[in-house]
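Engineer: Starting off with a structure, shown below.
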Amino acid sequence: MVKAAASQFDAGHIDIRRVPYLLSNRQVEEALLEAAEANAAVVYTLVRPNLKTFLEDKANELGLTAVDVMGPIVDAINKMTHTTPKNQPGLIRKIDEEYFNKVEALEFAVKFDDGKEPRGLLRADLVITGVSRASKTPLCIYLAHKGIKAANMPLVPEVTPPKELFQVAPSKVIGLSIKPSLLFEIRKERLKAMGLSQTADYANYERILEELEYADRIMRKIGCPVIDVTNKATEETAAKVLEIYRKGKGEDH
């Protein structure tokens, strides 16, 4: 806003100095003394009432021009919504941080989906494991929207799990189980959607039983909690996963 305002004047170069994160009267006073020394105007966005009052009084004492940018906007929203402002500094930085955490978690879930780069398992907040079509990927994407970096590792009898899967703390691994009859139907529909023969081993009932038994052995070897996802929406499974995750971190909620 200062740059936009300054562009309206043929006053030559205007030096703009930013002084962020002012949390005390002393910090405000130091900034004002610097402004006075430079014969500058002060444009501020303080939201704490006590700091605003101190700044206004001190600026007046020093003969400085002070412009409150945030105040009129907050007052307008207050009148429009009839709600009280929080008057807490740094909230937008917190929102931005949460947003970028989600983006980073989403990128992580994609990068380490379906067992890609096993070393990523050691960097994950959570590792989701189980047989194919047990909703591992949708669950990881959902958790990413909560800012949790989740990697998933499929369990296939012919493929030895990477050593990293057993190096992760068991409390950070979540196993997914599913009833064979439902998995059979899901895989048949998957093959149908892909235009492939439904006689493939992928949708063979005996093969599915073999995979589930193998996955169960691996999950018992890891010693991780196991969630039955049969007929559960991703949100339901995620709620249970988040409960386990928070307990592991010592959080109450």
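Engineer: So what's the angle, to the nearest 10 degrees on a 0 to 90 scale, between helix 91-111 and the longest Cα principal axis of the chain?
Structural biologist: Its long axis makes an angle of about 30 degrees.
Engineer: Top mean-square fluctuation among Gly12, Gly147, Gly130, Gaussian network model of the chain, C-alpha springs under 10 Å?
Structural biologist: Looking only at Gly12, Gly147, Gly130, the biggest GNM fluctuation is shown by Gly12.
Engineer: All other residues with a Cβ under 11 Å from the Cβ of Arg133 taken together, and with Lys, Arg as +1 and Asp, Glu as -1, what is their net charge?
Structural biologist: Values: positive: Lys136, Arg187, Lys188, Arg190; negative: Glu185, Glu189, Glu211.
The answer is +1.
Engineer: Tell me, Kirkwood radius of the stretch 2-89 from alpha-carbon pair distances, in Å?
Structural biologist: On the way: mean 1/r = 0.0699 Å⁻¹.
One over the average 1/r among Cα pairs gives 14.3 Å for the stretch 2-89.
Engineer: If you don't mind, there's one more thing I want to ask. Where in the stretch 1-99 are there trypsin sites (Lys or Arg not before Pro) that are in a DSSP coil and have at most 11 other Cβ atoms within 10 angstrom of their Cβ? Can you show the working numbers first?
Structural biologist: Working: sites: Lys3, Arg17, Arg18, Arg26, Lys52, Lys58, Lys79, Lys86, Arg93, Lys94; in loops: Arg17, Arg18, Lys86.
Loop-located and lightly packed - Arg17, Arg18, Lys86.
Engineer: Using only C-alpha atoms and all pairs of different ones, pull out the Kirkwood radius for the stretch 124-224 in Å with one decimal. Intermediate results must be reported in sequence, preceding the final value.
Structural biologist: Values: mean 1/r = 0.0700 Å⁻¹.
That comes to 14.3 Å for the stretch 124-224.
Engineer: Could I ask something else about it? List the pairs from Lys79/Lys249; Lys102/Lys192; Lys3/Lys86; Lys58/Lys102 whose alpha-carbon separation is above 31 Å, in the order I gave them. Don't jump to the answer; show the numbers that get you there.
Structural biologist: Values: Lys79/Lys249 42 Å; Lys102/Lys192 34 Å; Lys3/Lys86 28 Å; Lys58/Lys102 42 Å.
Flagged as over cut-off: Lys79/Lys249; Lys102/Lys192; Lys58/Lys102.
Engineer: Let me ask you something else. Assign unit charges at the C-beta atoms only (+1 for Lys and Arg, -1 for Asp and Glu), then state the dipole size of the stretch 2-89 relative to its Cα centre in Debye, rounded to the nearest 20. Can you show the working numbers first?
Structural biologist: On the way: 9 positive and 11 negative charges, 93 e Å.
About 440 debye.
Engineer: Among Leu165, Phe54, Phe112, whose Cα lies farthest out toward the positive end of the dipole of the chain, if unit charges sit on the beta carbon of Lys, Arg (+1) and Asp, Glu (-1)?
Structural biologist: Among Leu165, Phe54, Phe112, the one farthest towards the positive end of the dipole of the chain is Leu165.
Engineer: How do Phe100, Phe9, Phe54, Phe166 line up, fewest other C-beta atoms within 10 Å first? Write out the running numbers ahead of the final one.
Structural biologist: Working: Phe100 11, Phe9 8, Phe54 18, Phe166 14.
With the fewest neighbours first, Phe100, Phe9, Phe54, Phe166 line up as Phe9, Phe100, Phe166, Phe54.
Engineer: Rank by packing, highest mean first: peptides 106-115, 133-142, with packing defined as the count of other Cβ atoms within 10 Å averaged across residues.
Structural biologist: Details: 106-115: 17.3, 133-142: 22.1.
In decreasing order of mean packing, 106-115, 133-142 become 133-142, 106-115.
Engineer: At 37 °C and a viscosity of 0.692 mPa s, what translational diffusion coefficient does Stokes-Einstein give for the chain, taking Rh as the Kirkwood radius over Cα pairs? Give it in µm²/s as a whole number.
Structural biologist: Values: Rh = 22.9 Å.
My calculation gives 143 µm²/s for D.
Engineer: What order do you get for 148-159, 30-41 when each peptide is scored by the mean count of other beta carbon atoms within 10 Å, highest first?
Structural biologist: 148-159, 30-41
Engineer: About its Cα centre, how strong a charge dipole does the chain have in debye, to the nearest 20, once Lys and Arg get +1 and Asp and Glu get -1 at the Cβ? Walk me through the intermediate numbers first.
Structural biologist: Working: 36 positive and 36 negative charges, 165 e Å.
For this selection, approximately 800 debye.
Engineer: Which of Met194, Ile148, Asn204 sits farthest toward the positive end of the charge dipole of the stretch 140-253, with +1 on the Cβ of Lys and Arg and -1 on the Cβ of Asp and Glu?
Structural biologist: Value: Ile148.
Engineer: Quick one: which residues, 5+ away or cross-chain, put their amide H under 5 Å from the amide H of Val42? H built at 1.01 Å from N.
Structural biologist: For Val42, the qualifying residues are Thr65, Ala66, Val67.
Engineer: If you don't mind, there's one more thing I want to ask. Can you compute log10 of I(q)/I(0) for the stretch 192-253 with the Debye formula, treating each Cα as one identical point scatterer, at q = 0.21, 0.22, 0.26 Å⁻¹?
Structural biologist: -0.99, -1.01, -1.08
Engineer: Report the charge-dipole magnitude of the stretch 105-253 in Debye, nearest 20, computed about the Cα centre from +1 at each Lys and Arg Cβ and -1 at each Asp and Glu Cβ.
Structural biologist: Values: 24 positive and 21 negative charges, 57 e Å.
Rounded to the nearest 20 debye, it is 280 debye.
No value in this document is a laboratory result; all are computed from the given coordinates. The structure displayed is predicted, hence computed values, not measured ones. We place every Cβ from the backbone using ideal geometry, glycine too, and count neighbours over all the protein chains shown.
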